[in-house]
Amino acid sequence: MPKIILENVTKRFDKFVAVENLNMVIEDREFITLLGPSGCGKTTTLRMIAGLETPTEGKITIGDEVVFDSERGINLSPAKRDIGFLFQNYALWPHMTVYQNIAFGLENLKWPKDEIRKRVTEMLQMMKIEEFEKRYPSELSGGQQQRVAIARTLAPKPKVLFMDEPLSNLDAKLRLEMRTELKRLHVDTDSTFVYVTHDQLEAMTLATRVCLIKNGLLQQYAPPLEVYNKPANLFVADFVGNPTMNMLQGKAKKIDDTHAEVEFLGHKVKFESEVPFASFNEKVVVGIRPEFIQVDEGPYEGEIYATLPAGMETTVKLEVNKEIVTSMKFGAVDYQYGAKVKFDITGSGVILFDADTTDRFAMGKVTLIK
Amino acid sequence: MTEIKKQKFKNNLKAYFSKPANIITVLFLVLLIVAVVIPLFTLLIGSFKINGNQEALYTGIPDGSFTIAHWKELLTSKDFDYAQIKFWDPLFKSCLMSLLSCLVAVGFGGTVAWFITRSDLPFKKFISTVFVFPYIMPAWSMAMFWENFFKNTAINAGKGILQAVTGICVPESVVYGFFPCAMCLGLHYAPFAYILIGGILRNMDANLEEAATVLKASRLKILTRVTLPIVMPALISTVLLVFSSSISAFTVPFFLNKSSINSGNNFISISVQMRSLINSGFTKGQGYVIAIVLMIFSLAIITLNNWFTGKRKSFTTVTGKSGQVSLVKLGKARMVIAVILVVIVAFFAIMPMVSFAMESLLEVPGDLSTFTLKYWLSTEPFEGSNKGDTIGILRSGIMWAAMGRSLLLSLLVSLIAGTFGILIGYAVSHKRGSKAASLLSDIAFLPYLIPAMSFGAVYLALSYTKGFTWLDGSFFLLLLVGAFKFMPFASRTGTNAMLQLSGEIEEAAVITGTPWWKRMTRVLFPIQKSSFMSGYLLPFISCMREMSLFVLLAASYTTLVTTVLQEYSRTGLTQASNAINLLIIVFVLVIQYVVNKLTGASIDKGVGG
Ligand SMILES: Nc1ncnc2c1ncn2[C@@H]1O[C@H](COP(=O)(O)OP(=O)(O)O)[C@@H](O)[C@H]1O
Ligand SMILES: [Mg+2]
């Protein structure tokens, strides 16, 4: 079934490299999100897989079929790739009614008239837009247009569905609703979804695997929780998670393959990993997720810099040794500015990044020495 | 009670006029009604009364009295087939000619537009730059070029380029009359079609086509079911505007109307007919009748246009947000098509100028051994002219005076039209959707649809009216006519540019207490500078090369360079008229180039918006 394989795919616009040497396997029925800041090459990647853009180099396979190969000169048109594409600004045809928009693709497949009627009606019901059947796109709201676009894309039952920031034009509430619906659709339609977004929360909540891209280069390709817990490098660590991970400059001294002494925040701690270090550098950045910093008790001390209660949880910012440390606390609490509080670093999720290469080389727990 | 009501009314009025947009709307509505609508009425009345003694003599009805004689005679008289020959035939043939020219313009311009915006054709820059030359040139240039190129000794017209190079003599019907008129107008308006259609194609979201590709539609189906329907409003607009411009075009049929009556190629267009009727003192009223008929055509056309473009299938979603356009790969045909297009485009853009230069330098057309600079530099007096011109145009004081006057006129016209355009654009964009705004933008566009000759005729009629006779033949009259005739482009450009600015941009300045004129000059104008400058550029160019509009109005002491050209041409000194034409073209091209480089303004911005 449609497993998508990208091998050494590169896209250059003149000299500018938009996507560089991308290798990726998308398994059947996965829900993949391409995540990265604006301009990093997500849209380009998606359009290359869909066949709307021609890669400069590389090979793309969908299912058993090679749809693009620069060496063999293969380049299948999008129409032959059995895909659906949901455009960011919907691209509904303004001169066709909602019904005509949805039916168009089925006509191209030479479906019989009554089957088209049936399928379109089914789609209209599924997306809850039956009453707009005879309207033109300009007579619909953003959310309704969005639903029509989804219906149009899904009607021919594509095996793979590509979506380019489909929710970015909707308001926050509608966006949440549509997210839930997309996740349901994925289960209901049995298709592979490839979804582009620059919103890390959207990427994390929707996907079975997240593909992080920076300046055209793949950074990490893993399930959301892995990306969150074991970011491959500082960029990923910084991009994923809100509030962002604490990243503190430090100095490390290797004791053995799984132990090290680390100096940071004016303290010296023992670092203990479960698996041997992947590599080692004395210059490190210590990455700690805010939820691993527990305030009120513990061997460390800091001064309250700011508290940001959000109802369910509170972000507490501490000043420690002239650095700002972010911590999360469940429930709404408030502290006085400047108050001294104790805190602890818990769990076995503290990460050591190589300060020179920015790559993660160790993960483990820390205990205070002094 | 009534006192309170009065006070309330007063307050409302005060509130209404405290907004600059409202002041401008009211001001311009009044101004345009006075300047455009009232003269139209004058014309209408002129067609229903006896205008002057000669007409009284001719019709046997006292001067000034109300009559339907003009309408009746021109439309129905069977004496010597008068109505048939003077009205119905020219009208019918002019319609045919306009249809043919639409076909040429849309076919040629549309094809080039598609290649430029949607394919990976090479040399796009060259093609798109040079392709608009024929539109920048005076309308009759193409006609003069056509004549220069195809004329031959077999029809007693001197040796043209084609004959000189290949020895081929084409029949007279190819050189003069109906066919070349349609072709020349079509070629002249092809860039116009290119700009309008290309603008839509460029703004059209490529995703719309890609969405169809993904849904497995074939190339042909995408073109017929998606691209064409979306481009259709622009296509229809183009057809209608080209049709209305062609049917009222005067100069082209005038220049190409040289065949002998007996040859059967004699083609009098409806506008040429109008001119000859108006110019004769006996039939002014009948000329006004034609002017009104042409205007009814135009009004029908704008109504049709609004009807076509204003339907439910709003095309506001044609936004052009997606940056990525996948261009159609032409494959092996790429180079072939490019070379063909470059050759054709260069031929119609550059050859005319070459031919004008050649013609102006040869005593006997087509004979290189008769090379002479006489028609540029000689100080010999020119016998045919009753105004004391010299044969060498560069030495002719009258030519230079006319050139200076044309320049001054164009400059003033562009200043007035451009500024009015910006103001109208401001008012219309601020009151978007209101009745007053749409009325204002409609009336401001009206002069475009009034054929230049009729527009001239309107003011001519006005200048003969009691109380306005001081206008007759004055420079001010030319200025008035020019400013209003060329305002439509400026107001379109101004409106489009203003609509692109979000309201917040101005509001941000309002909050800081910036006065209105400062918001205009310091905030709004700089942001859309190149668009607004286009609103100045287009009236300038149009005015500089305009003839039909002024031909009825310019008196001997207000001659313009185009009327001087016409004088040389009428008296048979084709070398000199070619020379002047070349001078005008080079002049306009240089100005348009300089302004474009300095401000980024361009004529496609002006027309396409
Ligand atoms: N047609 C093009 N020509 C030149 N550069 C392009 C083109 N399309 C995209 N780019 C560049 O490639 C980079 C990646 O673009 P894109 O894939 O659209 O980014 P995003 O991740 O925001 O979707 C951007 O820097 C963009 O400027
Ligand atoms: Mg994008």
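What follows draws every value from the coordinates through simple rules; no lab data is involved. Since we're looking at a predicted model, the values are computed, not measured. Note that each Cβ is placed from the backbone with ideal geometry, even for glycine, and that neighbours are counted across all protein chains shown.
Which longest uninterrupted range of chain A lacks any GluC sites (Glu not before Pro) assigned by DSSP to a loop state (not H, G, I, E or B) and surrounded by at most 11 other Cβ atoms within 10 Å?
My reading of the result: A:72-273 is the longest stretch.
Which value at 222 nm does chain B reach when only helices count, each DSSP H run of 4 or more adding -39,500 (n - 2.57), with the total divided by all residues and rounded to the nearest 500 deg cm²/dmol?
-21000 deg cm²/dmol
Output the relative contact order of the stretch B:35-179, whole-number percent, from Cα pairs under 8 angstrom with separation of 6+ residues. Mind showing how you got there, number by number?
Working: 98 pairs, mean separation 15.3, N = 145.
Value for the stretch B:35-179: 11 percent.
Taking the Cβ of each residue in A:LEU368, B:LEU330 as the centre, tally the other Cβ atoms inside 10 Å and list the residues starting with the fewest.
In order of increasing Cβ crowding within 10 Å: A:LEU368, B:LEU330.
Pairs of Cα atoms under 8 Å, at least six residues apart: use those to get the relative contact order of the stretch A:4-237, whole percent.
In percent, rounded to a whole number, it is 27.
At B:PHE66 and B:VAL328, where each label point lies 7 Å from the Cα along Cα→Cβ, what is the point-to-point distance in nanometres?
Those two pseudo-labels are separated by 5.9 nm.
Past the 42 angstrom mark, what percentage of all C-alpha to C-alpha distances in chain B do you count?
27
Mind checking which lysines have their C-alpha under 22 Å from B:LYS151, skipping anything on the same chain fewer than 8 residues away?
B:LYS159, B:LYS258
Please compare each pair in B:LYS49/B:LYS72; A:LYS270/A:LYS317; B:LYS125/B:LYS221 to a cut-off of 18 Å on the Cα-Cα distance and tell me which ones are over it.
Cα-Cα > 18 Å for A:LYS270/A:LYS317; B:LYS125/B:LYS221; rest within.
DSSP loop trypsin sites (Lys or Arg not before Pro) in the stretch A:40-84 with at most 12 other Cβ atoms within 10 Å of their Cβ, which ones?
Within the stretch A:40-84, the qualifying trypsin sites (Lys or Arg not before Pro) (loop, at most 12 other Cβ atoms within 10 Å) are A:ARG72.
Hull surface divided by four, with the convex hull built on the Cα atoms of the stretch B:129-288: how many nm²?
Result: a mean projected hull area of 13.4 nm².
Please give the average number of partner chain Cβ atoms lying within 10 Å of the Cβ of each residue in A:100-112, rounded to a whole number.
On the way: counts 1, 2, 1, 0, 8, 6, 2, 5, 9, 2, 1, 0, 0.
Partner-chain Cβ atoms within 10 Å, mean over residues of A:100-112: 3.
Counting other Cβ atoms within 10 Å, keep those with at most 14, restrict to DSSP loop, and tell me which trypsin sites (Lys or Arg not before Pro) in the stretch B:1-96 are left.
Passing both the DSSP loop test and the Cβ count: B:LYS78.
If neighbour count is taken as other Cβ atoms inside 10 Å, put A:ILE369, B:ILE585 in order from fewest to most.
A:ILE369, B:ILE585
Let me check I've understood the local charge: for A:PRO2, count other residues with C-beta under 11 angstrom from its C-beta, Lys and Arg +1, Asp and Glu -1. What total comes out? Before the final figure, lay out the partial values.
On the way: positive: A:LYS3, A:ARG29, A:ARG81, A:LYS159; negative: A:GLU27, A:ASP28, A:GLU30, A:ASP64, A:GLU65, A:ASP82, A:ASP190.
Result for the local shell: -3.
Mean projection of the alpha-carbon convex hull of the stretch A:245-368 over all orientations, in nm²?
Numbers: hull surface 28.5 nm².
Average of the hull's projected areas for the stretch A:245-368 equals 7.1 nm².
Counting other Cβ atoms within 10 Å, keep those with at most 16, restrict to DSSP loop, and tell me which trypsin sites (Lys or Arg not before Pro) in the stretch B:431-527 are left.
Those satisfying the criteria are B:ARG432, B:LYS466.
At most 15 other Cβ atoms within 10 Å plus a DSSP loop assignment makes a site exposed; report the longest stretch of chain B without any exposed GluC sites (Glu not before Pro).
No qualifying site falls inside B:1-362, the longest such stretch.
Based on alpha-carbon positions alone, could you give the equivalent ellipsoid semi-axes of the protein assembly as shown from the gyration tensor, as √(5λ), descending, whole Å? Show your work: numbers first, answer last.
Values: eigenvalues 970, 220, 163 Å².
Largest first, the protein assembly as shown gives 70, 33, 29 Å.
Which ordering of B:LEU162, B:LEU228, A:LEU22 is given by a fewest-first count of other beta-carbon atoms within 10 Å? Display every interim value, and only then the final one.
Values: B:LEU162 19, B:LEU228 12, A:LEU22 24.
Least to most surrounded, the residues fall as B:LEU228, B:LEU162, A:LEU22.
Rounded to the nearest angstrom and ordered from largest down, what semi-axes does the equivalent ellipsoid of the stretch A:4-237 get from its C-alpha gyration tensor (root of 5λ)?
Equivalent-ellipsoid dimensions as semi-axes: 30, 21, 15 Å.
Could you name the lysines whose alpha carbon sits less than 27 Å from that of B:LYS5, not counting residues in the same chain fewer than 8 places away?
B:LYS14, B:LYS19, B:LYS431, B:LYS435
Mind checking which aspartates and glutamates have their Cα closer than 17 Å to the Cα of A:LYS370? Skip sequence neighbours fewer than 8 apart in that chain.
Filter leaves A:GLU261, A:GLU263, A:GLU272, A:GLU297, A:GLU301, A:ASP344.
Output the pairs from A:LYS42/A:LYS173; A:LYS159/B:LYS329; A:LYS15/A:LYS59; B:LYS529/B:LYS597; A:LYS59/B:LYS329 with a Cα-Cα distance over 23 Å in this structure; if there are none, say none.
A:LYS42/A:LYS173; A:LYS159/B:LYS329
Ranked highest first by the average count of other Cβ atoms within 10 Å around their residues, in what order do B:184-196, A:336-348 fall?
My ranking of the peptides, most packed first, is B:184-196, A:336-348.
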